[in-house]
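Right, one structure below, let's go through it.
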Amino acid sequence: MFLRLCSIEEISPGEMRQFYLQGEEILVVNLEGRIYCLDARCSHAGAPLAEGSLQGEMLTCPWHYSQFRITDGSVLRGPATNPLRVYRTEIRDGQLFVDLLAPEI
């Protein structure tokens, strides 16, 4: 089931921002107009990924510098070993909707 998270106007191209939705912390990334939603906390030590850095599709954790691919959540460099969950999204009438139950395939 898709739930409204925010307006897509709230996330400028190149920006990352953390949101809360039904107890979940979700990181929204706008990469050149394409929106990705993933776990907002690093799978290694729980660092807030919105404070990390983004270079292309690579997200770097601000604490221990684990790196993740935002398109599929995979670990590119440790110390993290577990991938990030990537959420399915839909954009309707300028609003971003996220499916909290079904992971992106």
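The values are calculated or read from the model by the stated rules, or taken from the named source; none is laboratory data. Just so it is clear, the model here is predicted, and its values are computed rather than measured. Cβ sites come from the backbone with ideal geometry, for glycine too, and all protein chains shown count toward neighbours.
General remarks:
- Where CYS61 falls short, out of the listed (1) under 21 Å from ARG4 (Cα atoms); (2) of a type in the set (A, V, I, L, M, F, W, C); (3) modelled with pLDDT of 95 or more: (1)
- Residues satisfying the stated conditions in region 24-56, i.e. modelled with pLDDT of 95 or more, under 24 Å from GLN95 (Cβ atoms) and among the acidic types (Asp, Glu): GLU25, ASP39
- Consider region 90-105 and keep the residues that are free of Cβ contacts under 8 Å to residues at least 60 places away in the same chain and in a strand (DSSP E or B). The one that is farthest from VAL29 (Cα to Cα) is ALA102.
- Close contacts from region 61-88, counting a first residue that is in contact (Cβ under 8 Å) with a residue 24 or more places away in the chain and surrounded by fewer than 15 Cβ atoms within 10 Å (Cβ to Cβ) and a second that is assigned to a strand (DSSP E or B) and of a type outside the set (Phe, Trp, Tyr), with Cβ to Cβ under 7 Å and a gap of 6+ residues or different chains, come to ASP72/VAL86; THR81/VAL75.
- Of all residues in region 36-53, those that are surrounded by fewer than 17 Cβ atoms within 10 Å (Cβ to Cβ) and not small (Gly, Ala, Ser) total 2.
- Among the residues of region 35-65, those that are in contact with a Cys (Cβ under 6 Å, 6 or more places away or on another chain) and either farther than 23 Å from LEU101 by Cβ or assigned to a strand (DSSP E or B) (or both) comprise ALA47, GLY52, CYS61.
- Residue check for SER7: surrounded by 14 or more Cβ atoms within 10 Å (Cβ to Cβ) and either among the charged types (D, E, K, R) or closer than 23 Å to LEU101 by Cβ (or both): no
- Given (1) at pLDDT 95 or above; (2) at positive phi, number of the condition VAL75 does not satisfy: (2)
- Test for GLU32: is it on the phi > 0 side of the Ramachandran plot, of a type in the set (Asp, Glu), out of contact with any Cys (no Cβ under 9 Å at 6 or more places or on another chain) and touching a residue at least 12 places away in the same chain (Cβ under 8 Å): yes
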